[in-house]
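The values are calculated or read from the model by the stated rules, or taken from the named source; none is laboratory data. As the structure is a computational prediction, the values presented were derived from the model and not from experiment. No Cβ is skipped: glycine too gets one built from the backbone with ideal geometry, and neighbour counts run over all protein chains shown. Only protein heavy atoms, including side chains, enter the accessible area calculation; ligands, DNA and RNA are left aside. Shrake-Rupley method; radii C 1.70, N 1.55, O 1.52, S 1.80 Å.
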Amino acid sequence: MDGLDLYVAGKATVNDTFDRYLSTKFQLRETTRSNYVYMYDKYVRETFGKKKIAEIKYSHVLQFYLHLLNEEELALSTLDVINTLLHPTFQLAVRDEIIRKNLSDGVMKEICRESDKTRGMRRALTLEQQRAFMGYIENHPVYYHWWPLFTVLLGTGCRIGEALGLRWDDLDFENRVIHINHSMVYYPVGESRTSVQKISKPKTEAGIRTVPMLDMVYDAFMFEREEQEESGFNQTVIDGTSGFVFVNRNGGVPNPQTINRTIKRIAHNYNSEEVVKAKKEHREPIILPDFSCHHLRHTFCTRLCEHETNLKVIQAIMGHRNIETTMDVYAEATERKKQQTFENLSKLDIF
């Protein structure tokens, strides 16, 4: 009934094996499962997935990855995601003794060595860009109502789902701390891929944390509360949870895609105005790059790294599961700080 005979006989396809692998991952979060199925169905199921797993060679996997990279023009980071699906699929077949070794072992290493493509580095906004972005929003007649949310993102380092999932009950104004213990997730379900909002636990245990409330973050929450006292509080109930801090024009909780589209719109309008303004003032314009919500988290972490040397403190505030993630940001931030220090040093008449 479960296709075991077909599987053992070596007649199973990659699709059969992937579906079997996914059926064993009973602890996967629904968002993760939905993303896995979406990525697999989009890039693997109708092509490479139809091959019989017992007949596949290493070169077949390599050719398929190169096809996705060069012909389909996938980013290296997207190819990484596909490999995280196929590698454990092949590993399951190895453990079940359907194939002798994992056919995807070493493929990504060879791809990276031979390809001229690199994984996109997520860059933080500079302090100048950060101030320009927030100053533009704060003084804009239309965008000013976004100021509280972006202040919270830049002042806490919250993931976008954590920020959107915040409830008034999670805010301790007396002790000036924010309790982060859940997240609002927005993901597609079913064959129609209709997106739904759900409340989820943080990605890892490290995600459950308290973050001190900076003065500007406190002001942002107060501003949001005053606005909602006039226009009405968020009445949305998601999985039995209510009292959300942030509200959209329809009275619901905003979704991350809307926030990212808003960032692009604000950055585009700001850049257009800044170019003209800088030309009139005979100076170089401060241009905002293409960035997303997660860049704001990365920006907060970078500012934190520039002023804090204790990596465990930074890791706890950011909710990083692995200290390596914290160290990567710290190394990037301190490298720029080192360059600034030497630039300032060269201006001093001490040598």
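For segment 205-231, a tally of residues being open to solvent by less than 30 Å² (accessible area, probe 1.4 Å) and part of a loop (DSSP other than H, G, I, E, B) returns 1. Residues that are open to solvent by 30 Å² or more (accessible area, probe 1.4 Å) and in contact with a Lys or Arg (Cβ under 9 Å, 6 or more places away or on another chain) do not occur anywhere in segment 42-51. Residues that are in a helix (DSSP H, G or I) and touching a Cys at 6+ places or on another chain (Cβ under 7 Å) are absent from segment 133-142 altogether. Being open to solvent by 50 Å² or more (accessible area, probe 1.4 Å) and either under 30 Å from Thr194 (Cβ atoms) or small (Gly, Ala, Ser) (or both): is that true of Arg283 here? When the stated conditions are applied, Arg283 does not pass them.
Mind checking whether some residue in segment 328-350 is open to solvent by 40 Å² or more (accessible area, probe 1.4 Å), modelled with pLDDT of 90 or more, more than 18 Å from Met213 (Cα to Cα) and in a helix (DSSP H, G or I)?
No, the conditions are met nowhere in segment 328-350.
Flag set for Ile263, criterion: assigned to a helix (DSSP H, G or I), of a type in the set (A, V, I, L, M), modelled with pLDDT of 95 or more and surrounded by 19 or more Cβ atoms within 10 Å (Cβ to Cβ).
Contact map, segment 165-176: residues that are in contact (Cβ under 8 Å) with a residue 40 or more places away in the chain paired with residues that are charged (D, E, K, R), Cβ distance under 8 Å, separation 6+ or inter-chain. Pairs shown: Trp168/Arg225. Checked against (1) modelled with pLDDT under 95; (2) not in a helix (DSSP H, G or I), Glu306 passes all but a single condition, namely (2). Kindly indicate whether Tyr186 is under 21 Å from the mean Cα position of the chain (by Cα), open to solvent by 20 Å² or more (accessible area, probe 1.4 Å) and among the aromatic types (Phe, Trp, Tyr). Judged against the criteria, Tyr186 is a match.
Scoring His145 on the criteria (1) within 29 Å of His320 (Cα to Cα); (2) part of a helix (DSSP H, G or I); (3) open to solvent by 70 Å² or more (accessible area, probe 1.4 Å) leaves a single failure, condition (1). Number of residues in segment 199-238 that are closer than 30 Å to Gln27 by Cα and out of contact with any Asp or Glu (no Cβ under 6 Å at 6 or more places or on another chain) equals 15. Within segment 245-260, being open to solvent by less than 70 Å² (accessible area, probe 1.4 Å), in contact (Cβ under 8 Å) with a residue 40 or more places away in the chain and not in a loop (DSSP other than H, G, I, E, B) holds for Pro256, Ile259. Under the condition of being in a helix (DSSP H, G or I) and more than 16 Å from Met222 (Cα to Cα), which residue from segment 148-162 is most open to solvent (accessible area, probe 1.4 Å)? Among them, the one singled out is Ile160.
For residues in segment 109-122 being open to solvent by 100 Å² or more (accessible area, probe 1.4 Å) and modelled with pLDDT under 80, which is farthest from the chain's Cα centre (by Cα)? So, considering only residues that are open to solvent by 100 Å² or more (accessible area, probe 1.4 Å) and modelled with pLDDT under 80, the one farthest from the chain's Cα centre (by Cα) is Glu114.
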